[in-house]
Amino acid sequence: MANLSEVGPDYPNVTDSMEALTVNYRGAFVRFATSYSLDKDVLEKLREHQSDYVIFVMYADWCGDARRAVPVLSLLENETELEIRALYNQTKRMAELHGVKLD
């Protein structure tokens, strides 16, 4: 079984993952990102630790919670140097990693 340190570099950052979504879903993510504003104090605190962690987010484009959380992570990624990797819409890839064949 693969671990995150092995597969992490293969996945895009969260902003690129949003841009790669199909048009049907991308709009909802972008609209939320443009309507949200980050707390400046929180940004400063995150910048103090930005090189200490890599964040992995797993989401599906159809998930309502993801439509609210992923755009915020994208904003954080763009405003700091946090490394945020996205494992999105991974049903087929995860099945393959676990030896399950989907047909």
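Take the conditions touching a Leu at 6+ places or on another chain (Cβ under 8 Å), farther than 16 Å from GLU19 by Cβ and modelled with pLDDT under 90 and apply them to LYS101. Does it pass? No; evaluated as a whole, the condition is false for this residue.
Only a single criterion out of (1) crowded, with 19+ Cβ neighbours inside 10 Å; (2) at pLDDT below 85 is not satisfied by GLU77, namely (2). Scanning the stretch 42-51 for any residue that is touching a residue at least 40 places away in the same chain (Cβ under 8 Å) and either surrounded by 13 or more Cβ atoms within 10 Å (Cβ to Cβ) or not charged (D, E, K, R) (or both) turns up nothing.
The values are calculated or read from the model by the stated rules, or taken from the named source; none is laboratory data. A quick note: this is a predicted structure, and the numbers were derived from the prediction, not measured. In this analysis, Cβ positions are derived from the backbone assuming ideal geometry, glycine residues included, and neighbour counts consider all displayed protein chains.
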